[in-house]
Amino acid sequence: RYCGQLSQYGVLDYDDILLNTLNLFQNGELGSREEKKLRNAFSYLLVDEFQDINPVQYRLIQEWGKNSAGIFVIGDPDQSIYGFRGSDSRCFDWFFGNFSGALRVRLTQNYRSTPEIIGCSRSVLPERSTAEPPLEAQRSSGARVRLLEADGELPEAIFIAKEINRMVGGI
């Protein structure tokens, strides 16, 4: 019914936009002049938050990158948190497999987080090879990290609201 309504209104949802665009590139459904213009539309391609892309978006990047002079992706597979909506951190592996000449630059200095936060993150991130330097905090030490285990969403929300209230000095 949902797809029928979309069709009736002559609109596409986000997934349809991605899939239809991918089909245009893969199946050559455009006229030759339009297709050539579209295939050469991107001299350079920059993809930010690469860790948040899904396999369809990755295939689009591959198609768009075929005729580009360069592709630059920015992201951190350790920050891939949108798996529930289809993102896949394996896109990094696919990228370096498909674009073998790609240069990987790993930023190891974190200017936002305290050493306490970086230390806690190490306990939940996958083990890294010894060849990669560890992430290091550039900020000075801050408050200890606390772990809260709540009985549900409402108790958790109440705790967070009270904590914000405490931190800002009350309302």
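The values are calculated or read from the model by the stated rules, or taken from the named source; none is laboratory data. Since we're looking at a predicted model, the values are computed, not measured. Please note: Cβ atoms are built from the backbone with ideal geometry, for glycine as well, and neighbour counts cover all protein chains shown.
With respect to ASP15, determine if the residue is in contact with a Phe, Trp or Tyr (Cβ under 8 Å, 6 or more places away or on another chain), under 26 Å from VAL73 (Cβ atoms) and not hydrophobic (A, V, I, L, M, F, W, C). First the steps, then the outcome.
Working: in contact with a Phe, Trp or Tyr (Cβ under 8 Å, 6 or more places away or on another chain): no; under 26 Å from VAL73 (Cβ atoms): yes; not hydrophobic (A, V, I, L, M, F, W, C): yes.
When the stated conditions are applied, ASP15 does not pass them.
If only one of ALA69, ALA157, ALA150 is modelled with pLDDT under 90 and not polar (S, T, N, Q), which one is it?
Numbers: ALA157 fails: modelled with pLDDT under 90; ALA150 fails: modelled with pLDDT under 90.
Step by step, each of ALA69, ALA157, ALA150 is checked, and only ALA69 is modelled with pLDDT under 90 and not polar (S, T, N, Q).
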| Are any of the residues in region 118-133 surrounded by 14 or more Cβ atoms within 10 Å (Cβ to Cβ), of a type in the set (A, V, I, L, M, F, W, C) and touching a Pro at 6+ places or on another chain (Cβ under 9 Å)? | yes
| request: Would you confirm whether any residue within region 12-24 is touching a residue at least 24 places away in the same chain (Cβ under 8 Å) and touching an Asp or Glu at 6+ places or on another chain (Cβ under 8 Å)? | output: yes
| request: Please find, within region 14-62, the residue that is nearest to TRP94 (Cα to Cα) out of those that are of a type in the set (D, E, K, R), surrounded by 15 or more Cβ atoms within 10 Å (Cβ to Cβ) and at pLDDT 85 or above. | output: ARG59
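Only one residue in PHE72, PHE92 is aromatic (Phe, Trp, Tyr) and surrounded by 14 or more Cβ atoms within 10 Å (Cβ to Cβ). Which one? Reasoning before the result, please.
Numbers: PHE72 fails: surrounded by 14 or more Cβ atoms within 10 Å (Cβ to Cβ).
Testing whether each residue is aromatic (Phe, Trp, Tyr) and surrounded by 14 or more Cβ atoms within 10 Å (Cβ to Cβ) leaves just PHE92.
One line per residue, one yes/no per condition, for (1) at positive phi; (2) touching a helix residue (DSSP H, G or I) at 6+ places or on another chain (Cβ under 7 Å); (3) assigned to a loop (DSSP other than H, G, I, E, B); (4) charged (D, E, K, R):
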| site | (1), (2), (3), (4) |
| --- | --- |
| GLN26 | no, yes, no, no |
| LEU45 | no, yes, no, no |
| GLN57 | no, yes, no, no |
| LEU103 | no, no, yes, no |
| SER113 | no, no, yes, no |
| ILE117 | no, no, no, no |
| ARG122 | no, no, no, yes |
| task | Name, by its number, the condition in (1) farther than 23 Å from LEU135 by Cα; (2) assigned to a loop (DSSP other than H, G, I, E, B); (3) not small (Gly, Ala, Ser) that does not hold for LEU18. | result | (2)
